[in-house]
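Here's the structure we're looking at; comments come further down.
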């Protein structure tokens, strides 16, 4: 157990180092692209467009609309995978052959590596990582918000995964294929969905306490690499089919989109309530002073009538 835990921590450090190397190598290219005139113009147009939209629609409403669109997109993709699992068609036809093919090509050293990788998405390490990050960030920001975000993220996805597992009741691959102990039903993969949400929550929380763009990009890249690695390890170890892992990722993205949109909208509402606008909206200004803003009407000082 101790050696397995140590191996998992070493792999986590390697994932972070790998993500940092990717971000560092891409920095010059990103800087060149960001410094081009068309990139700056696109950014200016995007900010101007968002500002015009917020004149008519509240910013938090726009975030909720975008979040609802993401939930609908990922949710419909998950539903497609779910339908294939229930009907036994689509991509599920390659599930068993894929697991069998990998089982025939296992290597002892790689087996141990994959076991350590899959432990990163297990209950012990993932919960500990999210909990420690949440409490450290909560202490730094003097707010219980990070703790609530962590509880909602991991707690919500666990409820969704367990509920769907009980409803679908898909059996796992044949036990002789298993390299690790796995209980319960197969679809969707709990490790895949919870690691996606858990790593994303950790990256999100870390972004709240750092202003470094490199650190933020490294956190999100490491989370993405870790999520893919954990999901693929479940297939290699023979405890999940490919469709289980893909379904777990899509379910995790669906829940993360809903959680992210709701959290960002709530934070914007809280900021607005703390610092209400004192100036009148632009539309109200135009209505109250038509002589200045309405086309075709000259101010009194510029009209033919003398000022008195």
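May I ask you to work out the translational diffusion coefficient for region 59-267 at 10 °C, viscosity 1.306 mPa s, via Stokes-Einstein with Rh from the Kirkwood sum over Cα pairs, reported in whole µm²/s?
Working: Rh = 17.8 Å.
For the chosen part, D equals 89 µm²/s.
Which of the peptides 73-80, 256-263 is most tightly packed, and how do the rest follow, judged by the mean count of other Cβ atoms within 10 Å per residue?
256-263, 73-80
What fraction of the Cα pairs in region 70-191, stated in percent, has a spacing above 25 angstrom?
Across region 70-191, Cα pairs with separations above 25 Å total 42 percent.
Reported to two decimal places, what Rg/Rh ratio describes region 180-241 when computed on Cα atoms with Rh from the Kirkwood expression?
1.11
How do the peptides 62-70, 239-247 rank, highest first, by the average count of neighbouring beta carbon atoms within 10 Å per residue?
Ranking, from highest mean packing down: 239-247, 62-70.
What's the ranking of 144-157, 176-189, 219-232, 88-101 by average number of surrounding C-beta atoms within 10 Å, highest first?
219-232, 144-157, 176-189, 88-101
Given contacts defined as C-alpha pairs under 8 Å and at least six residues apart, what's the relative contact order of region 137-202, whole-number percent?
40
Each reported figure results from applying straightforward, stated rules to the coordinates on display, with no laboratory input. Not measured: the values here are computed from a predicted model. Glycine also receives a Cβ, built like all others from the backbone with ideal geometry; neighbour counts cover every protein chain displayed.
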